1. Could you please find all residues in the range A:31-57 being out of contact with any strand residue (DSSP E or B) (no Cβ under 6 Å at 6 or more places or on another chain) and assigned to a loop (DSSP other than H, G, I, E, B)?
2. Across the range B:70-97, which residue is nearest to the other protein chains (Cβ to nearest Cβ) among those that are modelled with pLDDT of 95 or more and part of a loop (DSSP other than H, G, I, E, B)?
3. So how many residues does the range B:98-110 have that are over 17 Å from residue A:93 (Cβ atoms), in a loop (DSSP other than H, G, I, E, B) and out of contact with any helix residue (DSSP H, G or I) (no Cβ under 9 Å at 6 or more places or on another chain)?
4. Condition first: at pLDDT 90 or above and more than 14 Å from chain B (Cβ to nearest Cβ). Now tell me which residues in the range A:33-66 satisfy that.
5. What single numbered condition from (1) within 16 Å of residue B:19 (Cβ to Cβ); (2) touching a residue at least 12 places away in the same chain (Cβ under 8 Å); (3) part of a strand (DSSP E or B) fails to hold for residue B:35?
């Protein structure tokens, strides 16, 4: 299976702790996106990378959130000093504008974060 | 800003046809996606429209009218496994990111 993978699939943490999630995109995809989704809502954009460059970050995203994609392959999303409001599904998606002019995004299975 | 509207919930009968509507107001337009999302799972790609008209793919079809800012997803011969949320997502103009609607939760009943 060469789809998008995410790790871990589930994370339970206590308020105030730091957490880090990993996303491995489809290998030939140069764009990588992070979204957050809560129950009954559509995916909310957090940030995206083209290769290793972080091109956009949501203005709604607090400074506690940071993402990296150091070699243009996998990416990590870190949340510092977690709050209960951070509880959500964190989705990663990848796309390739060069290979696919529609730039269709393909999603990973998500990481479900629960902050106690 | 970008605005995408979809009905929150719909119910349809197994074997029937259902149409899920999506209207959008965006600064420019470069394409519209439909995704299916089962509860607790990630969205999966269904269709992409950039030109006006109907795109058919098996039991699923998607229609776009750019002048009206309107799209619909048509599901035929409904099956129980079609119970899911259906997300409309729009690529605005320029190099802006994809914006997702809140999704329509479809329940298929026997």
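The values are calculated or read from the model by the stated rules, or taken from the named source; none is laboratory data. In this text, all values refer to a predicted model and were calculated from it rather than measured experimentally. Every residue, glycine as well, gets a Cβ built from its backbone with ideal geometry; the counts of neighbours run over all protein chains shown.
1. Of everything in the range A:31-57, those that are out of contact with any strand residue (DSSP E or B) (no Cβ under 6 Å at 6 or more places or on another chain) and assigned to a loop (DSSP other than H, G, I, E, B) turn out to be A:39, A:40, A:41, A:51, A:52.
2. Ranking the candidates gives B:83 first.
3. Going through the range B:98-110 one residue at a time, the tally reaches 1.
4. Result: A:51, A:52, A:63, A:64, A:65, A:66.
5. All conditions are met except number (1).
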